[in-house]
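Written below as structure tokens is the structure these notes are about.
The values are calculated or read from the model by the stated rules, or taken from the named source; none is laboratory data. Note that this is a predicted model, so its numbers are computed, not measured. As a convention, Cβ positions derive from the backbone with ideal geometry for all residues, glycine included, and neighbour counts pool all protein chains shown. Areas reflect the complete protein model, heavy atoms only, side chains present, ligands, DNA and RNA absent. Shrake-Rupley method; radii C 1.70, N 1.55, O 1.52, S 1.80 Å.
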Amino acid sequence: MEQEIDTNFLGEEIVKKLKTIYDPEIPVDIYELGLIYDVMVNTDFEVKILMTLTSPNCPVAETLPLEVEEKVKSIDNVKAAEVEITFDPPWTKDLMSEEAKLELGML
């Protein structure tokens, strides 16, 4: 019998991994910055991440989504990962976690 993998547990693993990826210009991880809008895991353990960038001209617009994809794919049990970039809604500082705002001296 195959071991049942909990998609919620896998979601938590994905969030942990996302918290290891930092915006090169801001010393806060992309999850706390509010750049991750949604993480979807289907029953085949294929992951889709909907994320944004701090601006459309972000210097890492080419590399950051690839880094996110590669790191998520490196998690055991993840069969595939796809990152979709959106600017709707556009990112604002309001999307940052309290922790990120504190880190950046905005509280």
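Considering only the chain, what is the antiparallel percent among its DSSP beta bridges, to the nearest 5? Write down the numbers at each step before the final one.
Numbers: 6 of 12 bridges.
In the chain, DSSP labels about 50 percent of beta bridges as antiparallel.
Of the options (1) 8.2; (2) 8.6; (3) 6.8, only one is mean projected area of the Cα convex hull in nm² as computed from these coordinates, and that is (3).
Placing a label point 7 Å from the Cα of residue 57 along the Cα-to-Cβ line, the residues of region 17-33 whose backbone N sits under 19 Å from it are 24-26. Note on the chain: lysine pairs with Cα distance below 17 Å, sequence gap of 8 or more or different chains, count 16.
As a fraction of the 1.4 Å probe accessible area of region 7-107, surface on carbon and sulfur atoms comes out at 50 percent.
In the elastic network of the chain, a GNM with C-alpha springs shorter than 10 Å, the most mobile of 29, 38, 88 is 88. Using just its DSSP H runs of length 4 or more, each adding -39500 (n - 2.57), the chain gives a mean residue ellipticity at 222 nm of -8000 deg cm²/dmol after division by all residues.
At most 16 other Cβ atoms within 10 Å and a DSSP loop assignment: could you name the GluC sites (Glu not before Pro) in region 1-90 that fit?
On the way: sites: 2, 4, 12, 13, 25, 32, 46, 62, 67, 69, 70, 82, 84; in loops: 2, 4, 25, 32, 62.
Taking region 1-90 and a limit of 16 other Cβ atoms within 10 Å, the loop GluC sites (Glu not before Pro) found are 2, 4, 25, 62.
If you count the DSSP beta bridges with both ends in region 37-87, what percent of them are antiparallel, to the nearest 5? Percent antiparallel among DSSP bridges in region 37-87 is about 40. Extension gain for residue 84 to residue 107 (0.36 nm times residue separation, less C-alpha to C-alpha distance): 5.2 nm. If you line up the long axis of helix 7-18 against the longest principal axis of the chain, both from Cα atoms, how many degrees apart are they, to the nearest 10? So the inclination is approximately 40 degrees. With a cut-off of at most 15 other beta carbons within 10 Å, and DSSP calling the residue loop, which trypsin sites (Lys or Arg not before Pro) in region 23-80 qualify? Please list them. Answer in residue order: 79. Can you tell me the 0 to 90 degree angle between the C-alpha axis of helix 63-73 and the longest principal axis of the chain, rounded to 10? The two axes meet at around 30 degrees.
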